[in-house]
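Accompanying notes for the structure given below.
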Amino acid sequence: MTSALSRLAALAGILPQYCDLEGVTHETGPETARALLAAMGLAAGSEAEAAGTLAALKVREAARPLPAWLVLEAGTAPVLRPTCGGAWRLELEDGTCHEGRAQDTLSLPPLPPGLHDLIIGGHRTTLLSAPPRLPLPPRGWGVTVPLYGLRDAETGGLGDYADLCAVTVGIGALGAGFVGINPIHAGFPGDPQAISPYSPSSRRRFNVAHLACPGEARTPGGALVDHAPAIAGRLACLRAAFAAIGPDERAALAGFRAAEGADLDRFALHQALSDRFGPYWSDWPAAYRAPDTPAVSAFAAENPDAIAFHAWLQFRAERQLGDIRVAARDAGMAHGLYLDLAVGTHPAGAETWADPDLFARGATLGAPPDPFAPQGQNWSLAPMIPQALAARGFRPLAEILRAQLRFAGLLRIDHILGFERAFWVPGDGPGAYVAMPKPALLAVARIEAARAGAVIVGEDLGVVPEGLRADLAASGILGCRLAMFDLCPEDWPEAVMASFGTHDLPPFAGWRQGSDIDWHARLGHVAPGRLAELRRCRADAVADLARRAGGEDVEALHGYLAATPARLVALQIEDLLGRTDQANLPGTVDTHPNWRRRIGPGSARLAQEPMLSRAAAAMRRSGRLGAGEVPTGPLEKGADPPANACHATVTIPVSASAGGSLRLPGQGTSQVTSGGDAMAKGKPEDDRIQEAAYHIWNREGRPEGKEEEHWFRAIEELQGATETGTPARAKPARKKTTAKPKKD
């Protein structure tokens, strides 16, 4: 590259080279550099143009008294050294302001956690006041499930948030600390083929195709979900429900819109335009392809009800997700929902339409060539421009994380390698890596997780940049480890989430059979001459894992995972149910039924599958418990309840109310259903009774001075329930005692 072009590319963060999986070095060519600079909005078509752009950037940077952003430790009073003095103004996230004058140093008051702005000399510096490290979670476990596939074939249709609520409560009652699902970002309901959860329209908003709608017609289906009629029927049901909402819900919607502000209104406007012109704004008439045109303003003025409908869908989605969060908490789950943040957003979706200057144009995210994808990968996702993100004080990322963490106690960040560097692919030609502001991105993740009391998991699989895993561990962000590939789980660090595989890999039974190899052979992805070698290697891997796990079945696998040092273990429902086909086969769109497979049992019966109870027992034997401070076994009268128990199995149907929230029978009254089913599975009944009694004791409150009597009254109530088969509810005790169970 020429001198000016190479220096401009370096200043913009375009890396001059990278090494692939086989150790081969790839240089970033001048055409790639120019294309990526153009995608960032930096002119570099010629040497003179590159030199002019470089000079302008350097002049602008030299004028700054302080860098564009600084990461600081929350609670400390920083002392800064600007290059020039003058008046300064500190605008804290909560609206509080401080002012003063700086000379050689600038002393600030202690900073609370958050994103704050410091203005000096007319320049703004974002202060990312973050905790230095997130605490690691206790040893626990959970189950990952496909939301779309939670209905059995007899019920048909697409899994909804009511199904998810029922599954969460049922699995939580077994002692799991979380239930994980793929991303539930807003998608493209107008395109029945756009079903990948990893190619969203907006990561700030939620998928309304999974809304529970009272009165929705259900039609039996097959083993695969047929998304198009399921989504069409659900939207028709939701439109009818919106037309019938009463004054109370309209008032609640108005309050929601006022609280969410312009961001929600702009998203709802985009969705209304999508109803009119099609799902992708790049195909709209030119006058509507930007949010601030006269044509868009006129459309908004003429279609208030259409915009209100899409705002109401988001209102209802957040209400139903909030109900799941409460149900998980009431079930004693340590984390509740384990949500997933997609690595990027669709180039022609709501996120890029609403904020076009934040995203690169003419380049997409992807991955460099490797032995599995010799041509490289193009994920067709729009990258955020790092300089634009920094200029916005990293708030777009913070808002996306905050939206997810409002409902999730665990959040997985897909391909967190992108916090270090992201592989950008121009419209044509090879791609290159672009460096990202890693310290700032990690600080934003710590800030938002700390304020939500949540745990962050970073998907650090693939070609991991040197030092990234150490940085994640230093931040208290969990990495990922897969037993399918890692031969030494006993050496895993504590700060990881362990699992057998992922949604992009075959389930345990399918891996053992080589079903993924069969699929690749069927689709022509593998040369016929290599099949025998691949199957021989797979047989060796299967035998090796069986030897290390002490058995060939899935129970041996789960015991193996449970015994690892990993703080968290995620069990895949496909493994538990013996499924053979994977949810998604990378490199395919229509040739493999991606994101369509039902798991088999419906949401109401899933937690009663015997393998789930056996997996829960394996987790308990290794000291993995999914709840907070709850008892694990029988108690002697007068003793403190031990910490970290699982709750008794509870079978509770969930439905959507007319107001859009999810309702459990007896919700808010600590109701436990028993009667010869849940209480008697997998554990002596007395232990189950005491675990369920703790659930009641914990929810009903512990009157000062009466905690122990309240505890034993709960046990008595439940014992009566198991004899009569009626629901039980703990009642305040009347006798005074001295010994007390431990408080949370």
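The values are calculated or read from the model by the stated rules, or taken from the named source; none is laboratory data. Since we're looking at a predicted model, the values are computed, not measured. Counting neighbours? That spans all protein chains shown, and the Cβs are built from the backbone with ideal geometry, glycine included. Note: accessible area is taken over every heavy atom of the protein model, side chains too, but ligands, DNA and RNA are not part of it. Shrake-Rupley method; radii C 1.70, N 1.55, O 1.52, S 1.80 Å.
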Can you give the Rg/Rh ratio of region 1-136, where Rg is from the C-alpha atoms and Rh is the Kirkwood radius? 1.11
Taking θ = phi - 60°, what integer Hz values does the Karplus form 6.51 cos²θ - 1.76 cosθ + 1.60 yield along region 484-489, in sequence order, with x for Gly and Pro? 4, 10, 7, 8, 10, x
Output the relative contact order of region 91-165, whole-number percent, from Cα pairs under 8 angstrom with separation of 6+ residues. 18
Once Lys and Arg are counted +1 and Asp and Glu -1 for all other residues with Cβ under 10 Å from that of residue 405, the total becomes +2
Expressed as a percent, the accessible surface of region 227-329 that is carbon or sulfur, using a 1.4 Å probe and the full set of protein chains, is 58
Just to be sure I understand the model, the point goes 7 Å from the Cα along the line to the Cβ. What's the resulting residue 251 to residue 451 distance in nm? 2.9
Between residue 83 and residue 263, the FRET efficiency computed from the C-beta separation at R0 = 41 Å comes out, to the nearest 0.05, as 0.70
Shape of region 137-202 from its Cα gyration tensor (a ≥ b ≥ c, root eigenvalues): rounded if a/c is under 1.5, otherwise prolate when a/b > b/c, or oblate? oblate
In nm, what is the difference between 0.36 nm times the number of residues separating residue 27 and residue 470 and their Cα-Cα distance? 156.8 nm
Accessible surface of residue 589 in the full protein assembly, 1.4 angstrom probe, to the nearest 10 Å²? 120
Charges on Cβ only, +1 for Lys and Arg, -1 for Asp and Glu, centred on the Cα centroid of region 44-98; of 65, 44, 95, which one is farthest towards the dipole's positive end? 65
Under the Karplus relation 6.51 cos²θ - 1.76 cosθ + 1.60, θ = phi - 60°, what is the ordered set of whole-Hz ³J(HN,Hα) values for region 570-582, x standing for Gly and Pro? 10, 9, 8, 4, 5, 5, 4, 9, x, 6, 10, 9, 7
Tell me the label-point distance for the pair residue 73, residue 46, using the 7 Å Cα-to-Cβ offset, in nm and rounded to one decimal. 5.3
Amide H contacts of residue 568 (H built 1.01 Å from N, under 5 Å, at least 5 apart or other chain): 140, 496, 498
Taking placed amide H atoms and a strict 5 Å upper bound, the residues 5 or more places from residue 412 or on another chain that come that close are 339, 340, 341, 457
At a threshold of 8 angstrom on Cα-Cα distance, excluding pairs fewer than six apart, so keeping six or more, what relative contact order does region 263-312 reach in percent? 46
For residue 218 and residue 491, what is the calculated FRET efficiency with R₀ set at 60 Å and r taken between the beta-carbons, to the nearest 0.05? 0.75
Can you give me the distance in nm between label points at residue 3 and residue 153, each placed 7 Å from the Cα along the Cα-to-Cβ direction? 7.1
Convert each backbone phi in region 17-32 into a coupling constant with the Karplus relation 6.51 cos²θ - 1.76 cosθ + 1.60 (shift: θ = phi - 60°), then list the ³J(HN,Hα) values in order as whole Hz, x for Gly and Pro. 6, 8, 10, 8, 4, 9, x, 7, 8, 10, 7, 7, x, x, 5, 5
Choose one of 298, 348, 324: the residue whose Cα lies farthest towards the positive end of the charge dipole of region 267-396 (beta-carbon charges +1 Lys, Arg; -1 Asp, Glu; about the Cα centre). 324
Near the amide H of residue 88, under 5 Å away, which other amide H atoms are found, from residues 5 or more places off or on another chain, if H is placed in the peptide plane? 100, 101, 102
Percent relative contact order for region 149-271, counting Cα pairs under 8 Å at least six residues apart, stands at 27
Once R0 is set to 56 Å, what does the formula 1/(1 + (r/R0)^6) return for the Cβ-Cβ distance between residue 292 and residue 552, expressed as a FRET efficiency to the nearest 0.05? 0.35
